[in-house]
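**Q** Provided herewith is a single structure, encoded as structure tokens, for subsequent inquiry.
Please treat every number below as a calculation from the coordinates, not as lab data. These figures come from a predicted structure and were not determined experimentally. Because the Cβ atoms are built from the backbone with ideal geometry, glycine has one as well, and the counts that use them run over all protein chains shown.
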């Protein structure tokens, strides 16, 4: 008798994406259940307690969740970050955690450069001035030049490297901090390796491209901001928790740094009282750096194929916790 599987996709999803995932999963005997985006462990277990596979945009995948899942073999995160997943608990429960780290690389790198240029050129204020009928008085110096300035990149992984290639066209001097990347990569990308402290002190612009981990949480804190140039501009398209938001607000208010462009925040969406929403030297976007029509178009297939691989005993393309491979008897 053939085994039947249940796969839960925690939304949001459109009908075309649902149909595409069902088409891929049906041949292996898997039924797809579309569920709303969960905000609590109880909501995850309500839909997925007996599921064999889970696809999730986000959600609190805590130890409580993994202890409550009875049949789950694979959890696929639709993006890069797995900071909402308790990886040790998943590993103990024998659940393969899979991410999709390569689908959004170009989009995030492009968005980071867009934010940097818009912040440096004060596009937000210029646009508003023209709409208000101010033309000659629209320009409000200082506006920095980019050529010859120093750009610090924190994290030289896939996205950090893609960002560096784009930024090089602006004639910036590129430096980067990443203790996990070999020197050969820095050399190949034409990026000078530096310590985090030196990056903070030397950079005219800084762009963050690291995952949120215990090591990187609040790495941009009061001490870090006090080391930066008072004219420095900070861009974050990674995770909100990499920045201590209270310290950032103080740094912006008191002039420790020049400005910030943020696609991610510690609380999303932000509280209406968040001071960042009222600051002229802050540029915000709503965690959309990953998006393009083309990138999103490929997501359902990638996620469903990864689930199918694991349920069929095959190794997924991007296994976050390789310790479970032997336990699940995953083969190449």
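**Q** Which one, 226, 106, 128, has the greatest fluctuation when you compute a Gaussian network model over the chain with C-alpha springs under 10 angstrom?
**A** Evaluated over the chain, the most mobile residue of the options is 128.
**Q** Can you figure out the FRET efficiency of residue 180 with residue 4, using R₀ = 51 Å and their beta-carbon distance, to the nearest 0.05?
**A** Computed FRET efficiency for residue 180 and residue 4: 0.75.
**Q** Give the relative contact order (percent, whole number) for the chain; include only Cα pairs under 8 Å separated by 6+ residues.
**A** The normalised contact order for the chain reaches 18 percent.
**Q** What distance in nm lies between label points placed 7 Å from Cα along the C-beta direction at residue 33 and residue 331?
**A** For the pair residue 33/residue 331, the computed spacing is 3.1 nm.
**Q** Can you tell me which of 139, 283, 252 moves the most in a GNM of the chain? Springs connect C-alpha atoms under 10 Å apart.
**A** So, out of 139, 283, 252, the one fluctuating most is 139.
**Q** Further question on the same structure: Along the Cα→Cβ direction, 7 angstrom out, place labels at residue 18 and residue 63. What is the inter-label distance in nm?
**A** It is 3.6 nm.
**Q** Follow-up. In whole Å, how far is the Cα centre of region 296-316 from that of region 57-134?
**A** 18
**Q** Taking a ≥ b ≥ c as the square roots of the Cα gyration tensor eigenvalues, with a/c under 1.5 meaning rounded and otherwise prolate when a/b beats b/c, else oblate, which class fits region 1-90?
**A** oblate
**Q** What spacing in nm lies between the two simple spin-label points modelled at residue 140 and residue 171, each 7 Å away from Cα in the Cβ direction?
**A** Distance between label points: 2.8 nm.
**Q** Computed over the Cα atoms, what is the radius of gyration of region 105-284 divided by 2.2 N^0.38 Å, N being its residue count?
**A** Output field value: 1.00.
**Q** As I understand it, the value is the acute angle between the Cα axis of helix 158-168 and the longest principal axis of the Cα atoms of the chain; what does it come to in degrees, rounded to 10?
**A** Tilt of helix 158-168: around 30 degrees.
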